[in-house]
1. Among the residues of segment 17-60, which ones are closer than 15 Å to His71 by Cα and assigned to a helix (DSSP H, G or I)?
2. Search segment 27-39 for residues that are within 20 Å of Arg215 (Cα to Cα) and not assigned by TED's automatic domain parsing to the domain that holds Glu14 and pair each with any residue that is open to solvent by 50 Å² or more (accessible area, probe 1.4 Å) and basic (Lys, Arg) when their beta-carbon atoms are under 8 Å apart and the residues are at least 6 apart or on different chains.
3. Looking at (1) surrounded by fewer than 21 Cβ atoms within 10 Å (Cβ to Cβ); (2) charged (D, E, K, R); (3) in a helix (DSSP H, G or I), which one does Arg191 not meet, given that it meets all the others?
4. I'm checking my understanding of the structure. Among residues of segment 90-109 that are farther than 13 Å from Ile36 by Cα and of a type outside the set (Lys, Arg), which one is most open to solvent (accessible area, probe 1.4 Å)?
5. For Val168, state whether it is part of a helix (DSSP H, G or I), out of contact with any Leu (no Cβ under 9 Å at 6 or more places or on another chain) and either under 23 Å from Phe237 (Cβ atoms) or outside the structural domain of Gly76 (by TED's automatic domain parsing) (or both).
6. Quick check on segment 9-27. Is at least one of its residues at pLDDT 90 or above, in contact with a helix residue (DSSP H, G or I) (Cβ under 9 Å, 6 or more places away or on another chain), more than 30 Å from Leu204 (Cα to Cα) and open to solvent by 40 Å² or more (accessible area, probe 1.4 Å)?
7. Restricting to segment 226-255, and then to whatever is small (Gly, Ala, Ser) and more than 14 Å from the chain's Cα centre (by Cα), can you tell me which residue is surrounded by the most Cβ atoms within 10 Å (Cβ to Cβ)?
8. Please list, ordered by first then second residue, the pairs with beta carbon atoms under 6 Å, 6 or more apart or interchain, first in segment 126-148 and part of a loop (DSSP other than H, G, I, E, B), second of a type in the set (D, E, K, R).
Amino acid sequence: MVEAEREIMEAAMEAGHILLENGAEIFRVEETINRICRHYGIESSSAFVLSNGIFLTSGNVTEEVFAKVQHIPVSGSHLNRVAAVNQLSREVEEGYYTIEEVRRRLEEIRHMPGKSAHMQILSSGIGSGAFCYLYGGELKDCMASILAGILLYIFILYISRPYLNKIVSSIAGGAVATMSCMILYMLGIGRNLDQMVIGSIIPLVPGVAFTNAIRDIADENYIAGTVRLIDALLVFFGIAMGVGLVYTVKQRLML
């Protein structure tokens, strides 16, 4: 019985870990952990979740004492894994899995493949062009933003992520997107530089992280929400700095 309870707690911790490292909200992590524990008969579990860590305990006169802490670095969002764990937790409540099957399913979810590099690059280009259009760009501006978005994500995948930290990456990404737009503008591919730049930097914006931060704060998870909000604001600041640096250099060269 003691070993079975420990396995249940480990599975609950693993589910929470996958959710948190892939961009889930704090309440979703806590809810999933509690669902798994309650379904398998552990009523004394208590989870304290921060933006980069989980504290999980259990134990009373009838249940084994369990305590574990896991550090989970702030990373990107992979919502397909979040959705998969959510679905798993609901199926667990309906009695579809034994705890051994849950552990195996969680391992499969952890290793779910992300989007291919080609798909990410193409999505960046299409998203950049679409947002350029939404912000008032003409057809030629959208075409230029698509090219700039593609160049930006090639830079992110093969230079920024492997070699740069988050703040430097944000500054460099903003600069690359702006410089690409300026070059295309000078070549006559686009007509409205501002709309081109706005569209091309959209792939850098941490929209999911910012939204989750606001939601965590609204749910009174102030520590986790504040950490996520600061992380998102640092990215915003880095993007703005990169764009501003390129514009400043351009103005100095034109004098």
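1. Passing the criteria: His17, Ile18, Leu19, Leu20, Glu21, Ile26, Val29.
2. none
3. Status for Arg191: all satisfied but (3).
4. Taking segment 90-109 as the starting set, the residues that turn out to be farther than 13 Å from Ile36 by Cα are 104-105, 107-109.
If we keep only those that are of a type outside the set (Lys, Arg) as well, we get 107-109.
Working: Glu107: 90, Glu108: 109, Ile109: 0 Å².
Going through the qualifying residues, I end up with Glu108.
5. Numbers: part of a helix (DSSP H, G or I): yes; out of contact with any Leu (no Cβ under 9 Å at 6 or more places or on another chain): yes; either under 23 Å from Phe237 (Cβ atoms) or outside the structural domain of Gly76 (by TED's automatic domain parsing) (or both): yes.
Yes: the conditions hold for Val168.
6. yes
7. Just the residues of segment 226-255 that are small (Gly, Ala, Ser), to begin with: 232, 238, 240, 242, 244.
Still in the list and also more than 14 Å from the chain's Cα centre (by Cα): 238, 240, 242, 244.
Working: Gly238: 21, Ala240: 14, Gly242: 24, Gly244: 14.
Checked segment 226-255; the qualifying residue surrounded by the most Cβ atoms within 10 Å (Cβ to Cβ) is Gly242.
8. That search, which allows pairs on different chains as well, returns Glu138/Arg191.
The values are calculated or read from the model by the stated rules, or taken from the named source; none is laboratory data. This structure is a prediction, so every number in the text was calculated from the model and none was measured. Backbone-built Cβ (ideal geometry, glycine too); neighbour counts: all protein chains shown. For the accessible areas, the whole protein counts, side chains as well, though only heavy atoms, and no ligand, DNA or RNA atoms are used. Shrake-Rupley method; radii C 1.70, N 1.55, O 1.52, S 1.80 Å.
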